[in-house]
């Protein structure tokens, strides 16, 4: 590998910089010099709803272009932002150990979800969260919301909203877990496929760098998110409803096993189809594929939703 510092591409948001900084420190501990390079993406510039500007890919395209044209050597993404289809010439060389992937409630006065009064205004930019919250039948009002963590939490602090729902992982990386009033049980609200995990991407042809990055890879996390994202990829072909999925590696009778739960729900919460499956870590892709086909067989493809493709998550 070259002795010049590695150029690590990242979005310029506070959270993206924290995530890139984590990868930078991990690589430095292995003896690599790494410099951060900020890349502005469409998703960072526009304040429009994600589904109207192209979905999660708006956070990724500019970083991938910087990789392919050689401006950066590697890039760090929130894994849930990555389209499920692979990119020509690029490889996800490392998926480090995942943060807690649960969604959390950040509410006024320390309230929990069950404490919120009927009509309480809860902010989220995610059709997946909206669908599952509505399915709980709590009588709360869901309010569309975009912006960084401080912007969202500020809507609660100034009284505009009673609560917001965010990913715990992002708050953990920013040192903001003191804002959390409740971690939502995945039995009620399943996270997005890949939530809480990072993807470190580089050029496939940079074999020495691919090898170096493999030291950051966590096998259990990679298996879990492979199952989740395979499920999402299969569903995207035949389903336009919001999708939640969460896979965990746990000790079974014959060693580590993978347990995955998934939900497909209509955005208005009137229909919610849930399924689960178990299998070996080595069979992660097949587990996700089979579970997606079960969901489709149970009618997931007919769940009507106005929110656009299943992958459009924030």
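Below are the figures for this structure:
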| quantity | calculated |
| --- | --- |
| Positions within the stretch 118-141 being over 21 Å from residue 196 (Cα atoms) and either touching a helix residue (DSSP H, G or I) at 6+ places or on another chain (Cβ under 7 Å) or in contact (Cβ under 8 Å) with a residue 24 or more places away in the chain (or both), in sequence order | 120, 121, 122, 134, 135, 136, 137, 138, 140 |
| Yes/no for residue 272 being within 15 Å of residue 188 (Cβ to Cβ) and more than 20 Å from the chain's Cα centre (by Cα) | yes |
| Odd one out for residue 226, checked against (1) buried (at least 18 other Cβ atoms within 10 Å of the Cβ); (2) touching a helix residue (DSSP H, G or I) at 6+ places or on another chain (Cβ under 7 Å); (3) part of a strand (DSSP E or B) | (3) |
| Single condition residue 147 does not satisfy, out of (1) in contact (Cβ under 8 Å) with a residue 60 or more places away in the chain; (2) touching a helix residue (DSSP H, G or I) at 6+ places or on another chain (Cβ under 9 Å); (3) at negative phi | (3) |
| Single residue of 213, 166 found to be touching a residue at least 24 places away in the same chain (Cβ under 8 Å), out of contact with any helix residue (DSSP H, G or I) (no Cβ under 6 Å at 6 or more places or on another chain), closer than 26 Å to residue 273 by Cβ and outside the structural domain of residue 263 (by TED's automatic domain parsing) | 166 |
| Matching entry among 161, 166, 136 (being on the phi < 0 side of the Ramachandran plot and surrounded by fewer than 22 Cβ atoms within 10 Å (Cβ to Cβ)) | 136 |
| Test result for residue 265, crowded, with 18+ Cβ neighbours inside 10 Å, closer than 15 Å to residue 303 by Cβ and touching a helix residue (DSSP H, G or I) at 6+ places or on another chain (Cβ under 6 Å) | yes |
| Residue check for residue 258: closer than 17 Å to residue 77 by Cα and not in a loop (DSSP other than H, G, I, E, B) | no |
| Boolean, residue 156 is at pLDDT 95 or above and crowded, with 23+ Cβ neighbours inside 10 Å | no |
| Selection count where residues are under 13 Å from residue 107 (Cβ atoms) and in contact with a strand residue (DSSP E or B) (Cβ under 9 Å, 6 or more places away or on another chain), scope the stretch 139-159 | 5 |
| Residue 44 vs. criteria surrounded by fewer than 19 Cβ atoms within 10 Å (Cβ to Cβ), part of a helix (DSSP H, G or I) and either at pLDDT below 90 or more than 19 Å from the chain's Cα centre (by Cα) (or both) | yes |
| Residue match in the stretch 147-167 (condition: in a loop (DSSP other than H, G, I, E, B) and under 20 Å from the mean Cα position of the chain (by Cα)) | yes |
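The values are calculated or read from the model by the stated rules, or taken from the named source; none is laboratory data. Treat the numbers as computed from the prediction; the structure is a model and nothing was measured. Here the Cβ is made from the backbone with ideal geometry for all residues, glycine too, and neighbour counts use every protein chain on show.
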